[in-house]
Amino acid sequence: MSRRVPDAEYIAPVQRIRLRYAKRGRLRFTSHRDFARAFERSLRRAGIPMAYSAGFHPHPKISYVGAAPTGVASEAEYLEIALAEHREPAAVAAALDAVLPPGLDIVRAVDAADCPPGSLAERIQASVWQLEIAGDPAGLAAAVAALLAAEEVLVERLTKDGRREIDARGPVLSAEVAEVSQDAVAVPRAIMTAVVRQATPTVRPDDVLAALRSVAGFAPLEPVRATRLAQGPVDDAGGVADPLRTTELSTR
Amino acid sequence: MSTSLFPQLEPLLARVSKPIQYVGGELNARVKDWDEALVRWALLYPDAYEVGLPNQGVQILYEVLNERPDALAERCYAVWPDLEALMREHGVPQFTVDAHRPVRSFDVLGVSFSTELGYTNLLTTLDLAGIPLHAADRSDADPIVLAGGHAAFNPEPIADFLDAAVLGDGEQVVGVVSDLIADFKRAGSPGGRDELLARLAETGAVYVPRFYDVRYADDGPIASVTPNRDRVPERVSKQTVMDLDAWPYPKTPLVPLAESVHERMSVEIFRGCTRGCRFCQAGMITRPVRERSLQGIGQMVESGLAATGFDEVGLLSLSSADHSEIGPLAKQLADRYAESKVSLSLPSTRVDAFNIDLANEFSRNGRRSGLTFAPEGGSERLRRVINKMVSHDDLIGTVTAAYSQGWRQVKLYFMCGLPTETDEDVLEIARMAHDVIRAGRQATGSRDIRATVSIGGFVPKPHTPFQWAAQASPEVVDARLRALRAAIGADRSLGRNIGMRYHDGQPSLIEGLLSRGDRRVGAVIERVWREGARFDGWSEHFSYERWVNSAAAVFGGGPVSLAWFTTRERDADEVLPWDHLDSGLDKQWLWDDWQDALTGYEQDDCRWTPCFDCGVCPSMGTDIQIGPTGRTLLPLAAKTEGAPGE
């Protein structure tokens, strides 16, 4: 009498769509979980026919790949959704973007079937980070050079299991500094761009800044604004390619 | 000035916990042009964002005001101590989350108090905004600090800090206040702040504390509360919106990006209550009952879901199962949302089998986890005293039905420290909980039956029959709670399936000071705040010693004290600090009901039985407004062709 059976029927997915989304402006302060909640609501509002997991507590089938840390903006975050009915990826992207708050923006969508084989996660191998740093550009450039010259730079990170040491140098594939043109601003600024390989544990902008402090004593004059410009497979030139690249046969 | 403070705030956000709560940008948030609005409101909920954002009162006023072309409203919430410290260090003043505008720039700072424990957070917000704490020190450049919410029915403890207060429903009165301020500003603000407050008071709808003098007798009680000028009423009346269908707010509920305490949409299905539970301030001060119609509710649910994307809807009121059309409403809503994954819920409701049927209807779409009931008193005798008429057999019968129909968890709410309560009354809760488990096991054949007892200290509230009662001391409350826990655990085979959640008695005593205090308590609040009191509703921040010491320092050897305001029983002839504020209830009737309580005499529910003259309907020239309408939910508009991607 009290034996419970799951209420929901298992709905098998017929299509998987991969989405690129951005976190812009003030909404850089959303955590990944905040985004996930907002995204699930937007799926409902847009009426996207999601496939659900089985069991007592069905969830819409969404796979997230990594996530930018809270406080970091991004032009390139990725996820995959499984649909119970076929839809045009571009139309799905537009419908979701219309119901998400401004600042959480869907940039692009593709049908996973149009991509070369392999999971979305397999394609996320590295990130391009842009850091807006207040400080002497020459000093920053020297610190970056020192970082690249080192084999390993250990920095401390506080996790819930306690303090851990991670190598912030190893995953850095490249890093450059560009000076920002001075206007009326009194504080000198520079932009540091770095390509960082996906590693375990992940090396984040905070860790790279800690490494600059450790290896050259460089400390920014103000809190740093970080943005993830791209994520994807590492290409031959040492940069990052588009993980949503579709195969030549598809016309989308 | 309307410039955004966000550039100054942003660098601080990287250094605080949950920065998203200060950022705004929520779905359905509105930012209006500063210069196009003549009357500008900052709406403060004086607690953390996660608690304040779902608050219906603030959301309703936010929408109502923003719908006016000549007004705008923005929201603010209490900032956590980590950000408060950084704001002080870097000179960043209190901001609204919508457009990060300085709170001091607004015409009105409307503060919604669901609980008195937000009073210290009010002071923080004023101080961070650069608004003088004392109303007497404010200039024409400062906003009118206007309190609302249930605690505004006795705002005397914070009278020094308020310019004004409004009692009751806010929808219509914020329009009256806005009209008045708009006219005043257009005329060039003649007579300044004092004249504006006089005009507000003249409406009879706004209480301006400075226009009333309070005199005290030598032995402590209030001698009199009298107006000190013309144009001001002897008693200020509460506001009541009778036609809720004409105010279908919120239409576009706010959807937070941050995690908040309720991840769902709420629709208020009626206001007021006819049950007459003697401890319940909300039930007493929101009378008379006025229902939203079945169609009105259906419309709000549908448009709210479309605007938010929530998958859960709570149908709120003080006793939702009492809505005259709750049966058809439950069935028709459940039918309508059967295919989607939207789940519906009712908050804790009365203890009877009808309620189980409703709950089953609502849970067709999925989760059937827990049901909540609120017997409140441990023994039948005590329940008669508080007018919650539930017999032991009714309760066991109802929870048994719940378990039999697949509900896994039952939560039972109680209070400790009720008038006439004995140790034995509280121990009966243990017996009841044990009986619940036994009955559930027998009915289902499974040993895995769980129940939770949730119990807190009772605080006597203004405008209730218990407003004269002596509050139980923390020592008594804590001793009874300890004994209860031991009694529950005494039978291990049953006790293991019963969880007990409780708050100890100390915060309740301070809540009591703030609930039934008078203007003399203001100095205690200020002192305790200067010593660092914040977020008194949060156990990690609340310090009982700080409050006790502050009260002792302020009251010294004089006639009043913390105990005088809390554990002392009042007499019939004492002037109560809120007597000059009219909730519509007849004070003689409240006293008579208090006497009836002491003899255990029950009062009926005026929805189903004749009126018992509490005084509200005659004083307002109205009657309780209930259905049934006999209508059905309107069919949904046909979906337009071509859903996304087709």
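Below, the figures for the structure above:
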read-out: Ellipticity estimate at 222 nm from DSSP helix runs (n ≥ 4, -39,500 (n - 2.57)) divided over chain B, nearest 500; value: -10500 deg cm²/dmol
read-out: Rg over Rh [alpha-carbon atoms, Kirkwood Rh] for segment B:512-589; value: 1.03
read-out: Cα extents of segment A:15-122 along the three principal axes, largest first (Å); value: 34, 34, 24
read-out: Cβ charges +1 (Lys, Arg) and -1 (Asp, Glu), total dipole of the protein assembly as shown, debye; value: 1940 debye
read-out: Part-to-part distance (alpha-carbon centres) for segment B:91-106 and segment B:545-609, which is given in Å; value: 38 Å
read-out: Most fluctuating residue given options A:32, A:59, A:86, as computed from a GNM of chain A linking Cα atoms under 10 Å; value: A:59
read-out: Alpha carbon centroid spacing (whole Å) that separates segment B:6-82 from segment B:217-250; value: 28 Å
read-out: Cα-based convex hull volume of chain B per residue, rounded to whole Å³; value: 169 Å³
read-out: nm² value of the averaged projected area, convex hull over the Cα atoms of segment A:67-123; value: 4.9 nm²
read-out: Local net charge near residue B:455, Cβ-Cβ under 15 Å (Lys/Arg +1, Asp/Glu -1); value: +1
read-out: Convex hull volume per residue in cubic angstrom - Cα atoms of chain A; value: 170 Å³
read-out: Net charge, residue B:96 excluded, C-beta distance under 9 Å - Lys, Arg +1, Asp, Glu -1; value: 0
read-out: For segment A:124-232, radius of gyration divided by Kirkwood radius, i.e. Rg to Rh on alpha-carbons; value: 0.97
read-out: For segment A:44-193, alpha-carbon Rg over 2.2 N^0.38 Å; value: 1.41
read-out: Percentage relative contact order, chain B, counting C-alpha pairs under 8 Å, at least six apart; value: 14 percent
read-out: Relative contact order (%) - segment A:124-232, alpha-carbon pairs under 8 angstrom, separation at least six; value: 46 percent
read-out: When each of A:61/B:331; B:238/B:388; B:388/B:587; A:61/B:251 is checked by Cα-Cα distance, pairs over 28 Å; value: A:61/B:331; A:61/B:251
read-out: Relative contact order of segment B:466-589, defined on C-alpha pairs under 8 angstrom at six or more residues apart (%); value: 34 percent
read-out: Charge dipole (the protein assembly as shown, unit charges on Cβ, about Cα centre) - positive-most of B:5, B:166, B:324; value: B:324
read-out: Kirkwood hydrodynamic radius of segment B:6-233, Cα pairs, Å; value: 18.1 Å
read-out: Peptide A:213-224, shielding by other chains (average Cβ, 10 Å cutoff); value: 1
read-out: Within the protein assembly as shown, percent of DSSP bridges classed antiparallel, to nearest 5; value: 55 percent
read-out: Mean residue ellipticity (222 nm) of chain A, computed from DSSP H runs ≥ 4 via -39,500 (n - 2.57), nearest 500; value: -6500 deg cm²/dmol
read-out: Fraction of antiparallel bridges per DSSP, chain B only, in percent to nearest 5; value: 20 percent
read-out: Approximate shape of the protein assembly as shown as ellipsoid semi-axes (Cα gyration tensor, √5λ), whole Å, largest first; value: 49, 36, 28
read-out: Positive minus negative residues near residue A:22 (Lys, Arg vs Asp, Glu; Cβ under 14 Å); value: +3
read-out: Segment A:91-139 versus segment B:460-481: alpha-carbon centroid distance in Å; value: 57 Å
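Any read-out appearing in this document is the output of simple, stated calculations on the displayed coordinates, not a laboratory observation. As the structure is a computational prediction, the values presented were derived from the model and not from experiment. Every residue, glycine as well, gets a Cβ built from its backbone with ideal geometry; the counts of neighbours run over all protein chains shown.
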